1. Could you work out how far apart the two model spin labels at Arg62 and Arg188 are, taking each label as a point 7 Å from the Cα in the direction of the beta carbon, and quote it in nm?
2. Rounded, prolate or oblate: which one fits the stretch 113-266, using the alpha carbon gyration tensor with axes a ≥ b ≥ c (rounded when a/c is under 1.5, else prolate when a/b beats b/c, else oblate)?
3. Magnitude of the Cβ-charge dipole of the stretch 2-93, K/R +1 and D/E -1, about the Cα centre, nearest 20 debye?
4. What are the ³J(HN,Hα) values, in whole Hz, obtained from phi via the Karplus relation 6.51 cos²θ - 1.76 cosθ + 1.60 with θ = phi - 60°, for each residue of the stretch 70-79 in sequence order, with x given for Gly and Pro?
5. Mind jotting down the distance between the C-alpha centroids of the stretch 124-158 and the stretch 161-198, whole Å?
6. Please arrange Met1, Met235 by counting, for each residue, the other beta carbons lying within 10 Å of its beta carbon, fewest first.
7. Using the Cα centre as the reference, give the magnitude of the dipole from point charges on the C-beta atoms of the stretch 100-257 (Lys, Arg: +1; Asp, Glu: -1; all else neutral), rounded to the nearest 20 debye.
8. Of the residues Leu115, Leu175, Leu50, which exhibits the maximal mean-square fluctuation in a Gaussian network model of the chain defined by a 10 Å Cα contact cut-off?
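Where a number appears in this text, it was derived from the coordinates with a stated rule and is not lab data. Predicted, not measured: the structure shown is a model, and the values here were computed from it. Neighbour counts run over all protein chains shown; Cβ positions are idealised from the backbone, glycine included.
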Amino acid sequence: MSSVSVEDPGAYLTGNATLTATANSTAGVGSVRIQTAPTGTSTWTTRFTLTGAPYSCGWETRTVPDGPYDLRAILTDGAGKETISANVAGRRVDNSPLRGVDVQAFNSAGIQGLLDAGDTISFTYSQQINLASVTPGWTGAALPVTVRLRDGSILGTGNSGDTLDVQRPGSTVNLGTVNTKGNFAKNRRTITYNATLTAATVTVAGVLSTVVTVTLGGVVSGSGSNRTSSTAAAMVWAPTSTVSTTAGLASSIAPAIETGTLDRDF
């Protein structure tokens, strides 16, 4: 009897990433191959063949394009029989020095589950960013903007896929989009809010990083089209590559999934 598994190396793989498998066989372990394939394909590439424990190796991820990969391990026992592990799917190789790492919404004094004045949404980057790459001429000081909330049925993301973005009259705000994974707008409705954009520098895991915060004001258009969401879910932020570090390096467009306990956000 044989068994083999590959450990989850984490959501993001950068630089020299450690890949580890566990293998056992009553016929003895002849070798363990650790393989990767671009997610959605069956193009498996053997990264290492290991003939003794520990079945661990370093994969230089900078030799492959950024993107999602599946991982698996194959055990060949002493009798030459192969056993293939379950896949660890969708682990993202991302060697960009800048990425979005978290998105968080906070309900102020209003109704839980309803986007209303005082509620905030914050976007955390892995490093300090050039604030002017978010929107031209911005220094991080309070800046009037507009938040647009669109029902998911407009975008094909479903009733619980309402999506918001940040806009600025006469210019762009390059924060990308956030799928709230909630139902905050009535069917096929769009709501816009006055809002204020600010930025702060924080330390995340010992690294100076930028947090961009949007604070909602009153409804500009679509009054009466908002609704209270009862869904506790993790939002998904899709950043843009237009935002860059202070050294001019572009952000990854890898999605950032809201961390922490599931809640109704706003």
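1. Distance between label points: 5.2 nm.
2. Numbers: a/c = 1.86, a/b = 1.48, b/c = 1.25.
Taking the square roots of the gyration eigenvalues as a ≥ b ≥ c, the stretch 113-266 is prolate.
3. Details: 7 positive and 7 negative charges, 18 e Å.
The calculation lands at about 80 debye.
4. Listing the rounded values in order: 9, 10, 8, 10, 10, 9, 10, 7, x, 9 Hz.
5. What the calculation gives is 8 Å, centre to centre.
6. Details: Met1 8, Met235 20.
Going from sparsest to densest Cβ surroundings: Met1, Met235.
7. Values: 8 positive and 6 negative charges, 71 e Å.
My answer is approximately 340 debye.
8. Leu50
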